[in-house]
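First up is the structure itself, then whatever we jot down about it.
Every number here is computed from the coordinates shown, using simple stated rules; none is lab data. This structure is a prediction, so every number in the text was calculated from the model and none was measured. Glycine gets a Cβ as well: all are built from the backbone with ideal geometry, and neighbour counts include every protein chain shown.
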Amino acid sequence: MTFGTEQRISDICLLVEDIERTVDFYVDKLGFRLRRRAEGFADFHGVGVTLAAWEIDHINRHTGVSNARAPRSVHKACVAVNLALPADIDRIHGELSAKGVPFYRPPADYVWNARCAYFTDPDGTLWELYAWLDGGPGDYHDEQP
């Protein structure tokens with residue numbers, strides 16, 4: 001068994017400082033639909049994956065997972081959303097910017113052959129919007145039979 005090729009990632013859980021602020025951002029600004037809400041926890045309906053948020057002190061109290069915080073601008077994960085067309089990046093960038101979502105800079109074409117835009121949520125989680133340019137992502141570097 002090869003875990004990475006046989007198991008589908010079903011959930012991404014972000015560890016956050018303030019669950020109310022997080023719910024407001026993901027529902028009001030990004031348009032996610034709130035699915036479940038409990039003390040210190042929420043999850044959102046997404047396409048193909050569940051996005052969850054768990055207050056870092058709450059998970060610490062219940063599981064013993066560390067609640068150490070990284071400095072504000074240090075990124076430990078990036079949630080990426082693959083869009084169909086490069087023009088979608090510009091459209092969604094405009095829509096989200098109008099709602100006050102903080103982007104690092106306007107959309108741009110990058111050397112990895114994708115048009116991308118980057119923003120953060122209220123806890124500093126980095127998000128990437130990307131769409132492949134002509135030619136797509138290229139081939140795998142390892143040879144598979």
Candidate set from the stretch 1-14 (those that are free of Cβ contacts under 8 Å to residues at least 60 places away in the same chain and under 14 Å from the mean Cα position of the chain (by Cα)); member that is nearest to T125 (Cα to Cα): C13
Pick from the stretch 41-51, criterion surrounded by fewer than 17 Cβ atoms within 10 Å (Cβ to Cβ) and touching an Asp or Glu at 6+ places or on another chain (Cβ under 9 Å), ranking: farthest from E17 (Cα to Cα): V49
Residue match in the stretch 88-108 (condition: assigned to a strand (DSSP E or B) and surrounded by 11 or more Cβ atoms within 10 Å (Cβ to Cβ)): yes
Test: R35 is among the basic types (K, R), over 13 Å from D121 (Cβ atoms) and in a strand (DSSP E or B): yes
Qualifying residue in the stretch 128-145 (condition: within 17 Å of V23 (Cβ to Cβ) and either touching a residue at least 40 places away in the same chain (Cβ under 8 Å) or surrounded by fewer than 10 Cβ atoms within 10 Å (Cβ to Cβ) (or both)): no
